[in-house]
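The values are calculated or read from the model by the stated rules, or taken from the named source; none is laboratory data. Note that the coordinates shown come from a computational prediction; the quantities given were computed from them, not determined experimentally. Here the Cβ positions follow ideal geometry from the backbone for every residue, glycine too, while neighbour counts run over all protein chains shown.
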Amino acid sequence: MTPSPTSLPDALARHESFALIARDGVSVELLTGDIVDVENLADIPLTVQGDRREVLALVPFRQVVERGFECHDDRAPLRCLVVSEHTSFARDEALTTLPSAPIPLQDAGFDVADEDYAEIVRHVIADEIGRGEGANFVIRRDFTAGVEADARTAALTWFRALLEYERGAYWTFAIVTPGHIAVGASPEAHVSAQGGVVTMNPISGTFRHPAGGATAATLSEFLESTKETEELFMVVDEELKMMSAVCSDGGRITGPHLKEMSRLTHTEYVLRGRSKLDPRDILRETMFAPTVTGSPMQNACTVITRHEGTPRGYYSGVAALFTPRADSAFEDEPTHDLDAPILIRTAYLVDGRLRVPVGATLVRHSDPYGEVSETHGKAAGVLGAIGAIPRDTPVPSAIDEDEPTAEPARLADDPEIAALLESRNARLAAFWLNPQDAAGTGPFAGRSALVVDVEDRFTTMLAHQLRHLGLDVRIVPWSQVSDEQVDEAELVVCGPGPGDPRDTSSARISRMREIVARRRASGRPLLTVCLSHQILSDSLGIDLAPLARPHQGMQKTVDLFGMPASIGFYNTFTARVAPGTTRLGEVDVAAEPATGDVYALRGPGFASVQGHLESILSRDGMTTLERLVSHALTPAPAR
């Protein structure tokens, strides 16, 4: 990529379709080429007539149908700009030459009224989280307005304004193609793959700056919020599920950090691992970010479909830039690097109508009106930056050579803020924070396990941990596992999943009841987790009941057969025995003394646990998992 010999306006005038991207703080990249719409991610044309090509793909939310997930399918195109020319201009030139006159808006407002959105929040907490459908869900609404100005001029005006007034963005961009315009400043890299290193960047928790700007004191209150802290931990767990699916080493966490923007500050972690997968496959396996959908992912898409009345379009999808690698010489190496920010903090312009979609992450602690306020803050971050609403404070122009712009002080540099951020890691599992030993060399080396996935990809993290205990692991979805596989596996691990364990009308719950019963009857080693633990408990005659308050994303230290263990819980239902019960026939019971809520079970040839030992919230997860696997694999005494 070399500087263009012509001016930016002249270069833009020659092309109907183009993309402008600012990602290094000093330059603006211009990508031009042909537009190709394709059906699936695998069809993205990375090679044309034998030549590797650079491609920028706009990936809509509807692509989740590739993974069999639900959505309001608007058939938004998977639009590819096959790059023929990639040039660079100085950021100052863009600020000098792009249009800057404000673009008036007409009939502006949210498509869902504040009170209606608050009611949706109440329903999601009570009817979705409260029924065990998941830990958190992101429900969006759209700020809309009419735009009478020329669409191309509006796009360039808004892009220039974002360059000048927004800070902290991962990508600032304008993508202009026939019938579709997207302009935004995304704070979040969903996934990147550079030289075989995959990086994900979960961002969650939103601090809306008060009038006059953020201070260390106001930010400290936000950082000490249980709701905001647990919200971030839950999305890290969800993205680790994805990392464990695409990376041989599962993914390591670094952070937390602050993402400081003009009106908002977020908290974030960075996850890294190694992979040899085609970047299109990496993108498919990581569709889409839990920060804009929820968890578990598959059920989150179902919940979104129930509570959002309209399609998402490109909101929560990605802009994926595939760049050919010069050093990829072997067949098993990826031919392209990938850089894919999430399409959030983005304005869309179609047929004279502006749309700015925003969402709030709903968890068990959510306050409906607090979530309403969060959507206002997120919309204001975009609208203020593009000049559609008054900005909080004027920002000096970077192109004024007599008054160079000073970088605002970073709150992350404040010692007290840094200490608050660092203190969060004391709650987390060292397994995911530290370099991991090679898989296959643990105490169960040479043995194998079949993991049954029950529509929660926590199983990918669980399988990764089992491999680090030495087991050879295979994951099979509940709908595809055969009775023969259940019978022949050395160890069967039945995983977690959403839903009510008592719901026998569910094909998934009924099949898991069959699998657990069949394996128990054989007397062969069995380990069950969360939903499957509840199903096993029911088969032993233990009562099941909903919790008074869901334990979605809760960390507790509990006694597991005489040893304290710090474990993460994601359950809405519980198995429950009489308080004080420690044994039922041949079965050892670890339960809450006061309530009888069952945390774990051990019996002849089986072990069971309610918590998620694979979660980052389970500081004692690996130790406890080894204990339970060891028990399950120990031959039961002859009867």
Identify, please: which residue in region 327-347 is modelled with pLDDT under 95 and small (Gly, Ala, Ser) and is, among those, surrounded by the most Cβ atoms within 10 Å (Cβ to Cβ)?
Ser328
Selected residue (criterion: farthest from Glu54 (Cα to Cα)) from residues of region 334-356 that are out of contact with any His (no Cβ under 6 Å at 6 or more places or on another chain) and among the β-branched types (Val, Ile, Thr)
Val356
Considering only residues that are in a helix (DSSP H, G or I), closer than 26 Å to Arg272 by Cβ, of a type outside the set (Asp, Glu) and at pLDDT below 85, which ones fall in region 214-248?
Thr229
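Any idea which residue in region 29-75 is nearest to Glu455 (Cα to Cα), counting only those that are among the β-branched types (Val, Ile, Thr) and crowded, with 16+ Cβ neighbours inside 10 Å?
Taking region 29-75 and keeping what is among the β-branched types (Val, Ile, Thr), we get 32, 35-36, 38, 44, 47-48, 55, 59, 64-65.
Now narrow it down to the ones that are crowded, with 16+ Cβ neighbours inside 10 Å: 32, 36, 44, 55, 59, 64.
Values: Thr32: 41, Val36: 34, Ile44: 28, Val55: 32, Val59: 24, Val64: 15 Å.
Filtering region 29-75 for residues that are among the β-branched types (Val, Ile, Thr) and crowded, with 16+ Cβ neighbours inside 10 Å, the one nearest to Glu455 (Cα to Cα) comes out as Val64.
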Strands (runs of 3 or more DSSP E) wholly inside region 439-496 containing at least 2 residues that are in contact (Cβ under 8 Å) with a residue 40 or more places away in the chain and buried (at least 21 other Cβ atoms within 10 Å of the Cβ)
448-453, 492-494
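Quick check: is even one residue across region 278-290 modelled with pLDDT under 85, surrounded by fewer than 24 Cβ atoms within 10 Å (Cβ to Cβ) and either assigned by TED's automatic domain parsing to the domain that holds Leu466 or of a type in the set (Lys, Arg) (or both)?
Checking region 278-290: not a single residue is modelled with pLDDT under 85, surrounded by fewer than 24 Cβ atoms within 10 Å (Cβ to Cβ) and either assigned by TED's automatic domain parsing to the domain that holds Leu466 or of a type in the set (Lys, Arg) (or both).
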Candidates Gly273, Gly313 - the one that is assigned by TED's automatic domain parsing to the domain that holds Asn40, part of a loop (DSSP other than H, G, I, E, B) and touching a residue at least 40 places away in the same chain (Cβ under 8 Å)
Gly313
Residue under question is Glu626, and the condition is that it be among the acidic types (Asp, Glu) and closer than 26 Å to Pro525 by Cβ; does it hold?
yes
Could you grab me the full set of residues in region 548-565 that are surrounded by fewer than 18 Cβ atoms within 10 Å (Cβ to Cβ) and either of a type outside the set (A, V, I, L, M, F, W, C) or under 24 Å from Pro296 (Cβ atoms) (or both)?
Ala548, Arg549, Lys556, Thr557, Asp559, Gly562, Pro564
Could you tell me which numbered condition Pro501 fails, if it satisfies all but one of (1) assigned to a strand (DSSP E or B); (2) touching a strand residue (DSSP E or B) at 6+ places or on another chain (Cβ under 8 Å)?
(1)
All positions within region 61-80 that are touching a Cys at 6+ places or on another chain (Cβ under 7 Å) and among the aliphatic types (A, V, I, L, M)
Val64, Val65
Looking for something basic (Lys, Arg), in the same structural domain as Thr199 (by TED's automatic domain parsing) and in contact with a helix residue (DSSP H, G or I) (Cβ under 6 Å, 6 or more places away or on another chain) - is there at least one such residue anywhere in region 323-341?
no
Residue under question is Cys494, and the condition is that it be modelled with pLDDT of 95 or more, on the phi > 0 side of the Ramachandran plot and assigned by TED's automatic domain parsing to the domain that holds Leu601; does it hold?
no
Collect the residues in region 273-316 that are among the small types (Gly, Ala, Ser) and closer than 27 Å to His464 by Cβ, keeping them in residue-number order.
Gly273, Ser275, Ala289, Gly294, Ser295, Ala300, Ser316
Restricting region 12-24 to residues that are of a type outside the set (D, E, K, R) and out of contact with any helix residue (DSSP H, G or I) (no Cβ under 7 Å at 6 or more places or on another chain), which is surrounded by the fewest Cβ atoms within 10 Å (Cβ to Cβ)?
Ala13
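How many residues does region 278-310 contain that are in a loop (DSSP other than H, G, I, E, B) and either in contact with a Leu (Cβ under 6 Å, 6 or more places away or on another chain) or within 21 Å of Ala340 (Cα to Cα) (or both)?
6
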Region 497-517 - residue that is in contact with a Gly (Cβ under 9 Å, 6 or more places away or on another chain) and free of Cβ contacts under 8 Å to residues at least 60 places away in the same chain and, of those, surrounded by the most Cβ atoms within 10 Å (Cβ to Cβ)
Ile509
Taking region 301-326 and keeping only residues that are among the hydrophobic types (A, V, I, L, M, F, W, C) and either modelled with pLDDT of 95 or more or within 22 Å of Pro256 (Cα to Cα) (or both), one is left with Cys301, Val303, Ile304, Val318, Ala319, Ala320, Leu321, Phe322
